[in-house]
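Data block below; observations after.
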Amino acid sequence: MPSGSTPRAPAGPAASASERELLSQALALHLPDVPTDVPGGSASALLPILHHVQDALGFVPPPLVPEIAAALSLSRAEVHGVLTYYHHFRSAPAGRHVVQICQAEACRANGAEALRPPAGARLACAPGQTRADGGVTLEAVYCLGLCATGPVAMVDDKLRVRVSAAMLDDWAVRFESDKP
Amino acid sequence: MSRPMVWIPRDAAALAAGADEVAEALTALASRRGLSIDLVRNGSRGLLWLEPVLEVSTLAGRVAFGPVQADDIADLIDRGLLDESTAVSGPSEALAAHPLHLGLTEQLPYFAKQQRVTFARVGLTDPLALDDYAAHGGWVGLDKALAMAPGAVVGQVVESGLRGRGGAAFPAGIKWKTVAAAPAPRKAIVCNADEGDSGTFSDRMLMEGDPYTLIEGMAIAALAVGATCGVIYVRSEYPHAEATLREAIARATAAGHIGAALRGQGPAFRLDVRRGGGSYVCGEETALLESIEGRRGIVRAKPPLPAIEGLFGWPTVINNVITLASVPRILADGAAAYHAFGAGRSRGTLPFQIAGNVKQGGLVEAPFGVTLRELMFDFGGGTRSGRPVKAVQVGGPLGPYVPEKHWDVPIDYEAYAAVGATVGHGGIVVHDDTANLAGLARYAMEFCALESCGKCTPCRIGSTRGAEVVERLVAAPVSLKGAQEELLRDLCDTMVSGSLCAMGGMTPFPVLSALDHYPEDFGLPRSRATGEP
């Protein structure tokens, strides 16, 4: 393809009514907090807004990116940049169950690295991925602050300490039993 | 008959070990047996290997049991846990004989040998109860500060010798003095609660266990420098700390301690909580400010210092949680009382965090001057695995591994710097003899590659190259190892000298210390000209 003639990416699907409603809620909540006398001050509502949306939906739908940008007088690139810079934010839904196993030093000292292969095998999910059936997302995280009782994991917003291969088995069984 | 008082922590470390289930079991069983109890969900005492710790009040003090699980509750009640005789004369023979019975909490050697100053209330009180806070010395520091000239408040912090507990150890009073002297219509107090270092959890425990101390410390800072707003930037990995802080701020504001007028009489001080996004580098102060302002967490070049141009360009005090939380006691008891603790130019206490492969992991607040050997063995009890300690990393992922010959060096900032070690935020991660230091060195580089903000080349590219070179060094035949080692040391030199912030500038420390002290893990001979023996 000749350079320079690449067409602009077509606009994605439009945000749904409920997504728009969620965004206006987030704006109403967080825009009043921004300093109005600072140039670009409204951008400081960006992270709280992204959190608000993700807390509700589990991810930030891409169609909301241009809408957030417009509301905060930012470019789409700026919002996209922030959304993709921070590990916490997702642009697509995670699995029904999210398993995050800490891989930082204190957990490594207690065998966290050795948990990776059995975690992948027992949850049938590649590390850093969401399983094809949407059942499980398996991720590494770096420090959950319970470093005296590692290995530590966050499983569906619940912290777990002294994680063992046997616990992985329990989770795998539980996840299979509550399939929709 | 007065109702028996029972404490079960709400600290995340206790919750992860089943504290909520224990509390539910206790409440359910007590009500089934017609017993009414006062259950307080306190912070953690810091004996984390024993969590969930259940405490019951007796006239002699609180008696602890741990680690308690929900199905232990029936047995404990059967043995008289909630009996009036326990509250009056202590546990019965049967209760004292329970395998989980630990004795009087404050007489447990792990606790008794500590010097609790900043953490004095953590685990003792209900973290959100304002009357509990006031009854245990809360607001005394702020009230004293309100009766002083702002300059005198700064003077107290200078005289106390308090230095930044986040890791950089910059004198807090000097930072405050700079902000106080900066002429500006608006100033801010920012609390760095982005505690990302593996092996550290003192910020989290304080925010969950005694949030009003942090709020009071920030209010004193505001008063001292003339700031009217404050922000606590909490990492997204700490949902419990965030929830506790939000509730504490709401209650302290509603009760008039902060908000429109400090303690109902002083200047206004509005406090907000901001949640991070899982970026390690946002623990760097300028990246943190960028993040609050709504941008990627990219490190700013300094100068200007945040004290001159910080949040939104306003002069800003930015301090770590423990730094700010140490201030109320300094004002309450006087700078000299705080300064009396410590060693050399490191004054006061540090909440050390004993973590990793250790039998008795937890939080130990002690004056500077304590040694690593005392922390690892007298408190920590050696490794959890029972194997010999091979390596210990002090000061987080950017701190070097401290070799055994330095385990008896009294820990203070200068003494540690003199032997090439860092105190950092006081995190201690113990590894047993199954650890592979070449693997940990490669991980240090990989973590830097993952978390680098990308602004400066030595960090952004050096970290990826670093991980590759460590791998090549390990895989190389003996005859070719020399060239790879030279390359790695050269690369580390570039990162140390050429990086904009501590991320790239200190990642080489654990790598080089691994290479110097554990060459055999890289397949290198033990006795070599380079490095230390």
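The values are calculated or read from the model by the stated rules, or taken from the named source; none is laboratory data. None of the values given here were measured: they were computed from a predicted structure. Counting neighbours? That spans all protein chains shown, and the Cβs are built from the backbone with ideal geometry, glycine included.
Kindly provide the set of residues from segment A:35-64 that are surrounded by fewer than 21 Cβ atoms within 10 Å (Cβ to Cβ), farther than 22 Å from B:Val273 by Cβ and hydrophobic (A, V, I, L, M, F, W, C), ordered by number.
If the condition is that a residue be surrounded by fewer than 21 Cβ atoms within 10 Å (Cβ to Cβ), farther than 22 Å from B:Val273 by Cβ and hydrophobic (A, V, I, L, M, F, W, C), then A:Phe59 is the only one that fits.
Looking for whichever is within 25 Å of A:Asn110 (Cβ to Cβ) and assigned to a loop (DSSP other than H, G, I, E, B) here; the options are B:Val423, B:Val429. Which one fits?
B:Val423
How about segment B:407-426: which of its residues are crowded, with 19+ Cβ neighbours inside 10 Å and in contact with a helix residue (DSSP H, G or I) (Cβ under 8 Å, 6 or more places away or on another chain)?
Here is the first cut: in segment B:407-426, the ones crowded, with 19+ Cβ neighbours inside 10 Å are B:411-413, B:415-416, B:421-426.
Hits for segment B:407-426 are B:Ile411, B:Ala421, B:Thr422, B:Val423, B:His425, B:Gly426.
Could you please give the count of residues in segment B:457-508 that are among the polar types (S, T, N, Q), more than 30 Å from the chain's Cα centre (by Cα) and farther than 20 Å from B:Phe522 by Cα?
Within segment B:457-508, residues that are among the polar types (S, T, N, Q), more than 30 Å from the chain's Cα centre (by Cα) and farther than 20 Å from B:Phe522 by Cα number 2.
Which condition number in (1) part of a helix (DSSP H, G or I); (2) modelled with pLDDT under 95; (3) surrounded by 10 or more Cβ atoms within 10 Å (Cβ to Cβ) is the one that A:Pro32 fails?
(3)
Run B:Phe201 past the list (1) within 14 Å of chain A (Cβ to nearest Cβ); (2) closer than 19 Å to B:Thr316 by Cβ; (3) buried (at least 23 other Cβ atoms within 10 Å of the Cβ) and report the number of the one that doesn't hold.
So B:Phe201 meets the others, but not (2).
Going by the conditions given, is B:Gly334 at positive phi and within 18 Å of the chain's Cα centre (by Cα)? It would help to see each step written out before you state the result.
Details: at positive phi: yes; within 18 Å of the chain's Cα centre (by Cα): no.
No; evaluated as a whole, the condition is false for this residue.
Every residue in segment A:148-171 that is more than 7 Å from chain B (Cβ to nearest Cβ), under 20 Å from B:Glu51 (Cβ atoms) and of a type in the set (D, E, K, R), please.
Residues satisfying the conditions are A:Asp157, A:Lys158, A:Arg162.
If we keep just the residues of segment B:483-504 that are touching a residue at least 40 places away in the same chain (Cβ under 8 Å), part of a helix (DSSP H, G or I) and not acidic (Asp, Glu), which is farthest from B:Pro400 (Cα to Cα)?
Of all residues in segment B:483-504, those touching a residue at least 40 places away in the same chain (Cβ under 8 Å) come to B:485, B:489, B:498-504.
If we keep only those that are part of a helix (DSSP H, G or I) as well, we get B:485, B:489, B:498, B:502-504.
Next, only the ones that are not acidic (Asp, Glu) stay: B:489, B:498, B:502-504.
Details: B:Arg489: 15, B:Gly498: 19, B:Ala502: 13, B:Met503: 13, B:Gly504: 14 Å.
For segment B:483-504, the residue satisfying everything is B:Gly498.
Return the total of residues in segment B:246-272 being under 20 Å from B:Gly43 (Cα atoms) and either among the charged types (D, E, K, R) or within 14 Å of chain A (Cβ to nearest Cβ) (or both). Please lay out each step first, then the result.
The first filter runs over segment B:246-272 and keeps only residues under 20 Å from B:Gly43 (Cα atoms), leaving B:246-252.
Within this subset, residues satisfying the condition of being either among the charged types (D, E, K, R) or within 14 Å of chain A (Cβ to nearest Cβ) (or both) are B:246-247, B:249, B:251.
Total meeting the criteria: 4.
State all residues of segment A:25-44 that are of a type in the set (Gly, Ala, Ser) and either within 9 Å of chain B (Cβ to nearest Cβ) or within 23 Å of A:Ala92 (Cβ to Cβ) (or both); if no residue qualifies, say none.
In the first step, residues of segment A:25-44 are kept if they are of a type in the set (Gly, Ala, Ser); the result is A:26, A:28, A:40-44.
Matches in segment A:25-44: A:Ala26, A:Gly40, A:Gly41, A:Ser42, A:Ala43, A:Ser44.
Do we find that B:Glu293 is within 14 Å of chain A (Cβ to nearest Cβ), free of Cβ contacts under 8 Å to residues at least 24 places away in the same chain and either surrounded by 20 or more Cβ atoms within 10 Å (Cβ to Cβ) or on the phi < 0 side of the Ramachandran plot (or both) in this structure?
Values: within 14 Å of chain A (Cβ to nearest Cβ): yes; free of Cβ contacts under 8 Å to residues at least 24 places away in the same chain: yes; either surrounded by 20 or more Cβ atoms within 10 Å (Cβ to Cβ) or on the phi < 0 side of the Ramachandran plot (or both): yes.
Yes: the conditions hold for B:Glu293.
For B:Ala184, are the conditions met, namely being closer than 21 Å to B:Pro315 by Cβ, in contact (Cβ under 8 Å) with a residue 12 or more places away in the chain and either surrounded by fewer than 24 Cβ atoms within 10 Å (Cβ to Cβ) or facing another protein chain (nearest Cβ under 10 Å) (or both)? Don't jump to the end; show me each part of the working.
On the way: closer than 21 Å to B:Pro315 by Cβ: yes; in contact (Cβ under 8 Å) with a residue 12 or more places away in the chain: yes; either surrounded by fewer than 24 Cβ atoms within 10 Å (Cβ to Cβ) or facing another protein chain (nearest Cβ under 10 Å) (or both): yes.
Yes, satisfied.
For segment B:1-118, list the strands (runs of 3 or more DSSP E) that sit wholly inside it and hold at least 2 residues that are within 14 Å of another protein chain (Cβ to nearest Cβ), in contact (Cβ under 8 Å) with a residue 12 or more places away in the chain and within 29 Å of A:Met154 (Cβ to Cβ); which are they?
Values: elements: B:5-7, B:38-40, B:54-58, B:61-65, B:101-104.
No strands (runs of 3 or more DSSP E) qualify here.
Out of all the residues in segment B:419-452, which are within 11 Å of another protein chain (Cβ to nearest Cβ), touching a Lys or Arg at 6+ places or on another chain (Cβ under 9 Å) and closer than 24 Å to B:Arg204 by Cα?
B:Val429, B:Val430, B:His431
Of all residues in segment B:316-343, count the ones that are more than 13 Å from B:Gly230 (Cβ to Cβ) and in contact with a Pro (Cβ under 8 Å, 6 or more places away or on another chain).
Adding up the residues that qualify gives 4.
Output the residues belonging to segment A:78-124 that are closer than 22 Å to B:Thr200 by Cβ and out of contact with any strand residue (DSSP E or B) (no Cβ under 9 Å at 6 or more places or on another chain). Don't jump to the end; show me each part of the working.
Pass one, segment A:78-124, residues closer than 22 Å to B:Thr200 by Cβ: A:86-88, A:100-113, A:115.
Across segment A:78-124, the qualifying residues are A:Tyr86, A:Gly111, A:Glu113.
Within segment A:45-126, which helices (runs of 4 or more DSSP H) (wholly inside it) include 1 or more residues that are within 11 Å of another protein chain (Cβ to nearest Cβ) and closer than 30 Å to B:Leu398 by Cα?
Values: elements: A:46-57, A:64-71, A:76-85, A:105-108, A:116-122.
Filter on segment A:45-126 gives A:46-57, A:76-85, A:105-108.
Among all residue pairs at least 6 apart or on different chains, which show Cβ distances below 7 Å where the first residue, located in segment B:371-398, is over 16 Å from B:Tyr518 (Cβ atoms) and the second is acidic (Asp, Glu)?
Going by the 7 Å Cβ cut-off, the qualifying pairs are B:Thr371/B:Asp408; B:Arg373/B:Asp408; B:Thr383/B:Asp432; B:Ser385/B:Asp432; B:Gly396/B:Asp197; B:Pro397/A:Glu105; B:Pro397/B:Asp197.
Kindly evaluate B:Pro410 against the criterion of being at pLDDT 95 or above, away from chain A (no Cβ under 13 Å) and in contact with an Asp or Glu (Cβ under 6 Å, 6 or more places away or on another chain). Please lay out each step first, then the result.
Numbers: at pLDDT 95 or above: yes; away from chain A (no Cβ under 13 Å): yes; in contact with an Asp or Glu (Cβ under 6 Å, 6 or more places away or on another chain): no.
When the stated conditions are applied, B:Pro410 does not pass them.
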